[in-house]
Amino acid sequence: MKEVQPVVVVIDDDPSIREALQGLLETAALEVELYVSPREYLQRKQIDAPGCIILDVRLPGSSGLDFQRELARAGDRTPVIFLTGHADIAMTVQAVKAGAVDFLTKPYRDQTLLEAVLLAIDKDRARRESDEVFTKLRQRLESLTPRERQVMVLAVAGHSSKQIGGIIGIGDVTARVHRRQVMGKMRVKSLAELIRAADMLRNHGVEL
């Protein structure tokens, strides 16, 4: 994936907190966007870049925890870091179980916050790269003929070309040809790579 400048979104109704966070994050050469409320954030033009959201727990109209759930329902998987001056154990557990990267209390240590942000960006970048690999694998899988998909399933299950031919009723040579075609279309150089590709597809709910 082409390297894109990460974007850190700050959602907090306290202007002093927004300004302090912006100053801190810009010292780490990070691009920062500031929003007063989740509604304002949702009205922004979506940016295709890795990043994270620093979210205040207590916001006018709705809580940060409510907004975290709303993001999940909308399919927005941007990592969330919570900032709050009113934390409790139940709230922390709820946020982390819902996928929050960290739950920090005000006043926060600058280094702790920066470390949480960099970790969140790394997680988002890795997730985006994994999504891109999966998309390409799914496209390659869809390029296979029904016979080639059948051969692929048997190959990743550990069957030799001779065994595959016997199972589906084709000759050994034809089975080897189909197997080479599968390897070429899936752009893998070994059976191990083909197995890893099949595992990723299955882990994303794709039926081979």
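The values are calculated or read from the model by the stated rules, or taken from the named source; none is laboratory data. If you're wondering where the values come from, they're calculated on a predicted model, not measured in any experiment. Backbone-built Cβ (ideal geometry, glycine too); neighbour counts: all protein chains shown.
Does Glu19 satisfy the condition of being over 19 Å from Lys106 (Cα atoms) and in the same structural domain as Arg109 (by TED's automatic domain parsing)? It is false that Glu19 is over 19 Å from Lys106 (Cα atoms) and in the same structural domain as Arg109 (by TED's automatic domain parsing). Restricting attention to the stretch 88-140, the residues being out of contact with any Phe, Trp or Tyr (no Cβ under 7 Å at 6 or more places or on another chain) and assigned to a helix (DSSP H, G or I) number 37.
Go over the candidates Val188, Val206 one by one and state the one that is exposed (fewer than 15 other Cβ atoms within 10 Å of the Cβ), more than 28 Å from Phe82 (Cα to Cα) and of a type in the set (Val, Ile, Thr). On inspection, the qualifying residue turns out to be Val206. Just one residue in the set Ile164, Ile170 is assigned by TED's automatic domain parsing to the domain that holds Val188, touching a helix residue (DSSP H, G or I) at 6+ places or on another chain (Cβ under 9 Å), without any contact (Cβ under 8 Å) to a residue 40 or more places away in the chain and assigned to a loop (DSSP other than H, G, I, E, B); that residue is Ile170. Is it the case that some residue within the stretch 138-150 is closer than 16 Å to Val206 by Cβ, touching a residue at least 60 places away in the same chain (Cβ under 8 Å) and under 33 Å from the mean Cα position of the chain (by Cα)? Looking for residues that are closer than 16 Å to Val206 by Cβ, touching a residue at least 60 places away in the same chain (Cβ under 8 Å) and under 33 Å from the mean Cα position of the chain (by Cα), one finds at least one in the stretch 138-150, hence yes.
Comparison of Thr92, Thr112, Thr105, Thr84 shows that the only residue that is farther than 23 Å from His204 by Cβ and loosely packed, with under 13 Cβ neighbours inside 10 Å is Thr112.
When the stretch 2-43 is limited to residues that are in contact with a strand residue (DSSP E or B) (Cβ under 7 Å, 6 or more places away or on another chain) and loosely packed, with under 14 Cβ neighbours inside 10 Å, the one that is modelled with the highest pLDDT turns out to be Glu26.
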